[in-house]
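Derivation of every value follows stated rules applied to the coordinates shown; laboratory data play no part. Computed from a predicted structure; not experimentally measured. Methodologically, a virtual Cβ is constructed for each residue, glycine included, from the backbone with ideal geometry; neighbour enumeration extends over all protein chains shown.
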Ligand SMILES: *Cc1c(COP(=O)(O)O)cnc(C)c1O
């Protein structure tokens, strides 16, 4: 008896429609990198067929999609890393981000496919990937002159801090990128989920929603439900055992929690071996029969323990939800010192997957 992840594909489609409604004048790259944030690459790609296009991080993710018969326009957000990947990209008609001079050098040597649709990645302030604004003109000229590149090189950038509406970085990024956007007058793409929800000025021609498709809010202190989103993944399991302990009994590894009175402690069949965060502290919410109870003691590999004082009716075998329907992943991630993105990505292979809403 272990956990299962229920993936609700109708919620995924609902969230795509919500993203498109928020960015009504833009076209959409549905971001399905990292196994669709842990939701399953191929099932997500198939369910997101209303999106104008799809995006992944790496060439190998895109090749897996093409080999599964997905024909939608497909952007590789990191672009190709070497000549072989460039050939794959050309062969599979992928769109590529161009984020460093080495990629332009490879394109100038040519490839054997049809010209590649290129997105010139601008570093407007994130300081991770991309050309500095002053290097854009040179890169642009070189790409535009290259036979291996499809005409109409596009521009993209990525936000560092758009999850925080009060952070001045986003305005600065928009101003730096906006100057280039005005100069080149080509298709641009700026907004991730936080841009779509929090920064309407950033929508431009193409948006790139990721986390919001899976039903979580990227905005600080908010949940997906508050943005009109529905959870796609519900990680559920059962109560494996219920034990009565005397006041003063320590619970679990390291005895990090001690019963404050005589009480019942529930043992839940899920642990960090399933992807539940080991660092979730005492008090992290868990749903037992639909009611919130606090996690107590350390999370172990296959089990975790909960305080059942508020649930006198709870019995062995009762349903438990770790996040999803009724318990936003953001509210588990926050006490555990992480984000919903990481919770979703970290669900391990032994967790059974069940899809609904096809
Ligand atoms: C992952 C990613 C996105 C999607 O970001 P979310 O915060 O999940 O919406 C968009 N653009 C780029 C370049 C990315 O790497």
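Label-point separation (nm) for residue 112 and residue 160, each offset 7 Å from Cα along Cα-to-Cβ?
Each label point is offset 7 Å from its Cα along the Cβ direction, giving 4.3 nm.
Could you give the angle, 0 to 90 degrees to the nearest 10, between helix 168-184's Cα long axis and the longest principal axis of the Cα atoms of the chain?
So the inclination is approximately 30 degrees.
Per DSSP H run of n ≥ 4, the term is -39500 (n - 2.57); total these for the chain, divide by its residue number, and report the mean residue ellipticity at 222 nm rounded to 500 deg cm²/dmol.
It lands at -7500 deg cm²/dmol.
Each label point is 7 Å from the Cα along the Cα-to-Cβ direction; what then is the distance between the points at residue 262 and residue 220, in nm?
Roughly 4.8 nm, to one decimal.
For region 156-215 and region 27-84, what is the separation of their C-alpha centers, rounded to whole Å?
Value for the Cα centre distance between the two parts: 20 Å.
Quick check: pseudo-label points 7 Å beyond the Cα along Cα→Cβ at residue 353 and residue 137, how many nm apart are they?
Reported label-point gap for residue 353 and residue 137 is 4.8 nm.
Going by a ≥ b ≥ c, the root eigenvalues of the Cα gyration tensor, does region 165-280 fall in the rounded group (a/c under 1.5), the prolate group (a/b larger than b/c) or the oblate group?
Working: a/c = 4.08, a/b = 3.03, b/c = 1.34.
Taking the square roots of the gyration eigenvalues as a ≥ b ≥ c, region 165-280 is prolate.
For the chain, set up a GNM with springs between Cα atoms under 10 Å and report which of 285, 133, 168 has the largest fluctuation.
Comparing 285, 133, 168 in the GNM, the peak value goes to 168.
Using the beta-carbon distance between residue 93 and residue 127 and R0 = 30 Å, what value does 1/(1 + (r/R0)^6) give for FRET efficiency, to the nearest 0.05?
0.45
Any chance you could give the angle, 0 to 90 degrees and rounded to 10, that helix 9-22 forms with the longest Cα principal axis of the chain?
Around 50 degrees separate the two axes.
Label point 7 Å out from residue 49 along Cα-to-Cβ: which residues of region 5-21 have amide N under 18 Å?
8-17
Sort 51, 161 so that the residue with the fewest other Cβ atoms within 10 Å of its own Cβ comes first and the one with the most comes last.
Fewest-to-most Cβ neighbours within 10 Å comes out as 161, 51.
Which of 146, 188, 169 has the fewest other C-beta atoms within 10 Å, and how do the rest follow up to the most?
Fewest to most other Cβ atoms nearby, the residues stand as 169, 146, 188.
Write down the percent of antiparallel bridges among all DSSP beta bridges whose residues are both part of the chain, to the nearest 5.
Given both bridge residues lie in the chain, the antiparallel proportion sits at roughly 50 percent.
Among 127, 158, 92, rank each residue by its count of other Cβ atoms within 10 Å, from fewest to most, as a rough exposure measure.
In increasing order of surrounding Cβ atoms, one gets 127, 92, 158.
Under 4 °C and 1.567 mPa s, how fast does the chain diffuse according to Stokes-Einstein, given a Kirkwood radius computed over C-alpha pairs? Answer in µm²/s, whole number.
Estimated diffusion coefficient is 59 µm²/s.
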